[in-house]
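K.L.:
Could you have a look at this structure, given as C-alpha cells, before my questions?
The numbers here are math on the coordinates, done by the rules we state, and not lab data. As the structure is a computational prediction, the values presented were derived from the model and not from experiment. FYI the Cβ positions are ideal-geometry reconstructions off the backbone, even for glycines, and counts take in every protein chain you see.
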Amino acid sequence: MSAEAVKAAKIAAMSDFKTVFGTETGKRVLKHLIQECGLLSSTLTGVDGGRSIDPYEVLHREGRRDVGLYILQVVEYPLEDFIKTTGEVLKDV
C-alpha cells in the first residue's frame, strides 16, 4: 500500500469515527467506553490490603486506557463534553 493510500485510509477511518460517535447512540457508547477503558480511575492496582502492585495488571489497564484516549483524540472530543460526560459517568457509578 502506498503512503498516499495509507494516509487516505487513515483520514477515512477518522471520518468514520467522527460519524459514528457523533450520533446519540455513539455518544452513549463513548460514555460507556470512558468508564470501561478506565479513563476515570488509576491504573495502579493491588495496593489495598498490603499487596504488591501487579505490573501485568497495570500494563493491561494502561492498554485499555490508551484505546480510550485514542478514540477521544480521533473524534476530537471537546474538553467541555468530556467534563460533562465524566460527571454523568461518576453519577451512574
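K.L.:
What is the distance, in nm, between label points placed 7 Å from the Cα along the Cα-to-Cβ direction at residue 76 and at residue 91?
P.N.:
Going from the residue 76 label point to the residue 91 one covers 2.8 nm.
K.L.:
Inverting the mean 1/r over all pairs of different Cα atoms, compute the Kirkwood radius of the chain and quote it in Å.
P.N.:
Numbers: mean 1/r = 0.0665 Å⁻¹.
Taking every pair of different Cα atoms in the chain, averaging 1/r and inverting gives 15.0 Å.
K.L.:
Another one. Helix-only mean residue ellipticity at 222 nm, the chain, DSSP H runs n ≥ 4 weighted -39,500 (n - 2.57), per residue, nearest 500. What is it?
P.N.:
Dividing the helical sum by the residues of the chain leaves -23500 deg cm²/dmol.
K.L.:
Exposure proxy check: 52, 42 ranked by fewest other beta carbons within 10 Å?
P.N.:
Fewest-to-most Cβ neighbours within 10 Å comes out as 52, 42.
K.L.:
Sticking with this structure for a sec: Between residue 69 and residue 5, what's the calculated FRET efficiency when r is the beta-carbon distance and R0 is 22 Å? Round to 0.05.
P.N.:
0.25
K.L.:
Would you work out which of 29, 42, 15 lies farthest towards the positive end of the dipole of the chain, given +1 charges on the beta-carbon of Lys and Arg and -1 on that of Asp and Glu, about the Cα centre?
P.N.:
After comparing all options, I get 15.
K.L.:
Pairs of lysines 8 or more apart, or on different chains, with alpha carbons under 23 Å: count those in the range 3-92, would you?
P.N.:
Lysine pairs meeting the criterion: 10.
K.L.:
Turning to a different aspect of this structure: Given R₀ = 25 Å, what would the calculated FRET efficiency be for residue 33 paired with residue 53, taking r from the Cβ atoms and rounding to 0.05?
P.N.:
Efficiency computed from Cβ-Cβ geometry: 0.50.
K.L.:
Which value, in debye to the nearest 20, describes the size of the charge dipole of the range 3-92 about its Cα centre when Lys and Arg Cβ atoms bear +1, Asp and Glu Cβ atoms bear -1, and nothing else is charged?
P.N.:
100
K.L.:
Can you work out the Karplus-derived ³J(HN,Hα) for every residue in the range 23-31? Use 6.51 cos²θ - 1.76 cosθ + 1.60 with θ = phi - 60°, whole Hz, and x for glycine or proline.
P.N.:
Per-residue couplings from phi come out as 7, 5, 4, x, 5, 5, 5, 4, 4 Hz.
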